[in-house]
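Inspection log for the structure reproduced underneath, given as structure tokens.
What follows is calculated from the coordinates using simple rules that are stated; it is not laboratory data. Model, not experiment: these values are computed from the prediction. Don't worry about glycine lacking a Cβ; one is built from the backbone with ideal geometry, like all the others, and counts go over all protein chains shown.
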Amino acid sequence: MEFFTNTKYDFLKFRYHAIALSLLLIGAGIISLIVKGGPNYGIDFSGGVLVDVCINKPNVDIGEVRSALANVIPPASIIQAARTDTGEDASCKGSEIVIRTPMIAGSDQSEDDIEGEVAKTSSEIEKQLASSFGELQVIRKEMVGPRVGKELRASALWSIVAALAGILVYVTFRFQFWYAFGAVVALVHDVLFTVGIFSLLNKEIDLTVVGALLTIVGFSLNDTIVIFDRVRENLGQRNLKDMSFYNLLNLTINQTLSRTILTSLTVLIVVLCLFFFGGPVINEFSLALLLGVIAGVFSTVFIASALVLWRYGNQQPTSSKRIR
């Protein structure tokens with residue numbers, strides 16, 4: 001099935017406008033990260049306590065919850081109402097409250113002592129809420145010590161770096177270095193764009209978001225490889241031997257346009273369903289995928305292809321020797 005056949009859109013005509021837009025958005029995200037002192041790490045990376053409870057009373061005021069926990073959690077803690085009708089869990093008929101308590105900076109306790117305090121804080125939160133609001137149900141509880149959080153941050157970073165390095169080697173072997181370079185720059189663009197938007201929206205980055213970032217890398221690379229593979233085929237066509245590399249790249253993007261739209265639209269529909277109906281637990285995960293799908297298609301056309309054009313655009317006529 002193809003929705004777009006024999007199209008002749010000049011995508012690369014807008015490459016400089018697209019690159020400028022990307023730099024603007026990524027720059028805004030980087031400035032936000034600098035101002036905020038880094039990403040808004042979730043409990044997985046920052047360490048602390050997350051308690052998600054269902055209080056069997058409707059429309060519980062967040063101010064009352066904060067007052068009830070004033071002697072248990074630090075002022076920097078985040079208290080949010082999830083769903084006030086049925087809650088994240090179908091059995092919750094009252095008010096669902098999520099409490100996120102970060103590690104207290106500057107503590108002179110050892111890491112083992114702090115980890116003990118984390119477990120104690122979680123228990124105190126449940127006890128105090130039960131005392132103030134009566135019967136409640138614990139839906140979810142997470143506890144991470146500072147040492148584990150630091151190790152997880154390092155592991156997450158290295159997993160992304162290792163994935164990008166492996167992709168650079170693979171695409172260099174499959175094609176050529178400059179094709180690999182364009183692909184990796186496009187992938188870095190997707191990751192930076194997603195992390196920057198998360199910072200602008202003040203969304204948390206946890207292990208599920210890192211998983212989404214790695215998924216984005218794979219999805220975006222797949223689109224890029226499809227276009228590069230078609231470029232290789234077109235370079236060997238005799239009837240295209242006198243075509244400029246600029247026109248050949250545009251032709252290739254148009255030839256794969258139907259496949260790109262069908263694949264991306266299918267993924268986008270699933271991700272939108274997760275985002276709107278998946279609940280708060282996977283909200284950040286689905287948002288990261290949503291941003292990544294959009295950024296992946298954009299970067300494949302306007303970043304990866306534009307960099308290859310910049311490297312080989314002045315070589316005419318086209319030659320299959322440029323790409324194995």
For Thr266, placing the label point 7 angstrom along Cα-to-beta-carbon and taking region 201-217, residues whose amide nitrogen sits under 15 Å are none
Beyond 25 Å (Cα-Cα) in this structure, taken from Lys36/Lys141; Lys57/Lys127; Lys93/Lys203, we find Lys36/Lys141; Lys93/Lys203
Checking rank on 172-184, 33-45, with mean other Cβ inside 10 Å and highest first, the result is 172-184, 33-45
Expressed in angstrom and rounded, the centroid-to-centroid distance over alpha carbons for region 154-185 and region 190-230 is 14 Å
